Amino acid sequence: MQNISDKEKKTLGEINRKLTNLIITLTLFMGGMWLVLYPPIFLQDQTTIIQVDSDIIEKGIHVASGLIAAEGFELVQQNCGGCHSYKLVTQNKNTRDGWLETIRWMQETQKLWDLGENETQLLDYLAENYGPEETGRRKQLEIAEWYELE
C-alpha cells in the first residue's frame, strides 16, 4: 500500500465531494426531466370534457340542464343557471309562496335582479314542476308477471 500525504488526501476528498455533488445534481436534473417528459398519472390532467347537445330532451327532461322540460323551463335556464347549478332547483321542493320567498332572499342577499314580468311565469313553472310532493307509502309496484323462486 502506498502512503498518501495529507495534501493528496485533502485533494482526493475535494474531488470526491465534487463528484458526489455532480452526481446528485445530474440525478435530480434527470429525474426532473423524466417527470416533465413522462409525468405520473396523478400529475396528469384528469379533466374529461363531455359535450351535450343543449336541445336534447329525453323522457321529459332537458338533458343539458336536468330540468323538467315544460313551459317556462327556458326562463329558469336564463335566470337561474347563470348564478348556480340547476341542481339547486331540481333538488328543492317548494310551494309557490316558498319559491317566491327563495327568490326574494336571493334578490336581497345574492344580488338577483328584478325578474319583472318573468317572475309570474317562473313561479308557475317552479310550483308546478318542483312543488312539494305528498309523502307516505310508495306507489305499489306494477309487476307484469309473477314467478316462483326455486
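All of the numbers you see were taken from the coordinates with simple rules; none came from a lab. All values derive from a computational prediction rather than experimental measurement. Methodologically, a virtual Cβ is constructed for each residue, glycine included, from the backbone with ideal geometry; neighbour enumeration extends over all protein chains shown.
Using a ≥ b ≥ c from the Cα gyration tensor of the range 58-129 (square roots of the eigenvalues), is it rounded, prolate or oblate, where a/c under 1.5 gives rounded and otherwise the larger of a/b and b/c decides, a/b for prolate?
prolate
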Cα-based Lys proximity count in the chain, under 28 Å, for pairs eight or more positions apart or on separate chains: 10
Gyration tensor (alpha-carbon) shape descriptor, the chain, a/c threshold 1.5: prolate
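Under 8 Å for C-alpha pairs, at least 6 residues apart: give me the relative contact order for the chain, rounded to a whole percent.
Values: 73 pairs, mean separation 25.2, N = 150.
It comes to 17 percent, rounded to a whole number.
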Rounded tilt (10° steps) of 6-37 against the dominant C-alpha axis of the chain: 20
Structure-based [θ]222 nm, the chain - -39500 (n - 2.57) summed over DSSP H runs of at least 4, per residue, nearest 500: -15000 deg cm²/dmol
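Sort 21-29, 67-75 by the packing proxy (mean of other Cβ within 10 Å over each peptide's residues), most packed first.
67-75, 21-29
Mind checking the dipole of the chain: about its Cα centre, +1 per Lys or Arg Cβ, -1 per Asp or Glu Cβ, Debye to the nearest 20? Kindly include the intermediate steps, with their values, before the conclusion.
Numbers: 14 positive and 23 negative charges, 346 e Å.
Result for the chain is approximately 1660 debye, rounded to the nearest 20.
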Between 0 and 90°, nearest 10: helix 118-129 axis offset from the chain longest Cα axis: 90
Neighbour-count ranking [beta-carbon atoms within 10 angstrom, fewest first] of Trp146, Trp99: Trp146, Trp99
Student exercise, the range 58-129 dipole from Lys, Arg, Asp, Glu Cβ charges, in Debye to nearest 20: 340
Relative contact order of the range 76-140, pairs being alpha-carbon contacts under 8 Å that are 6 or more residues apart, as %: 44
